[in-house]
Structure formats: structure tokens, C-alpha cells
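Data first, discussion second: the structure below is written as C-alpha cells.
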Amino acid sequence: MTVEDDIKNALAKNAVIIGTRTVVKALKTGAAKSAVLATNAPESVKKDLLHYSSVSKVPLHNFNGTGKQLGTFLGKPFAVAALAISEGEKKQKKK
């Protein structure tokens, strides 16, 4: 199974966490079962994700594309440097 297939499956389950800060938080708290990094993510982001993924023993995968391409793949109108795939469905925040 490829990284793209994993992302598609997670999207179908609403189990994708987008954004560098929330991905780092998910790695720290154990909410992520894997993380994905765009090829052009800033070095500081790469360093943080490598550190926290190794500490939490969560696999870190490289998306074969830029942040803009990753955002488009996710159906978002913005670039996405990093994402995490969580264990199950993400709970929607109540307004």
C-alpha cells in the first residue's frame, strides 16, 4: 500500500490531521498512527517531525510531491506541509 492509498483511506474515515502544530501535538499525545511530510516542507518542520516520530515510534512517510500538491490531493485550496493519520474518526468540534 502506498502513502497515497493510506491518505485516501484516512480521508474516507475522517482520520486526517492537517497542520504542523496539530501533527506535532498528535505525535506527542499518541493520537497519530503515522505521519506524512511534503518534500518541500521547511527544515524546521522536518526536524521536529523526525524527532517526535522517532520518540513516539510512529512511522514518518514522505509524500512524493510539494505541499501544494499534498493540499490539492487532500482537496484543500492551500499547501499542506505535514499531516498525520489518526487511529479512528476525528471528533468534530461543536460550535
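Data for the structure
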| read-out | value |
| --- | --- |
| Selection within segment 4-16 - more than 15 Å from PHE63 (Cα to Cα) and not in a helix (DSSP H, G or I) | LYS13, ASN14, ALA15 |
| Among the residues listed as ALA79, ALA41, ALA31, ALA35, the single one being in contact with a Pro (Cβ under 9 Å, 6 or more places away or on another chain) and surrounded by 13 or more Cβ atoms within 10 Å (Cβ to Cβ) | ALA35 |
| Selection within segment 26-80 - free of Cβ contacts under 8 Å to residues at least 60 places away in the same chain, touching a Gly at 6+ places or on another chain (Cβ under 9 Å), of a type outside the set (Gly, Ala, Ser) and assigned to a helix (DSSP H, G or I) | THR72 |
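Values quoted throughout were computed directly from the atomic coordinates according to the rules given, and no laboratory measurement underlies them. Computed from a prediction, not measured in an experiment: that's the story for all the values here. Every residue, glycine among them, receives a Cβ derived from its backbone with ideal geometry; neighbour counts consider all protein chains shown.
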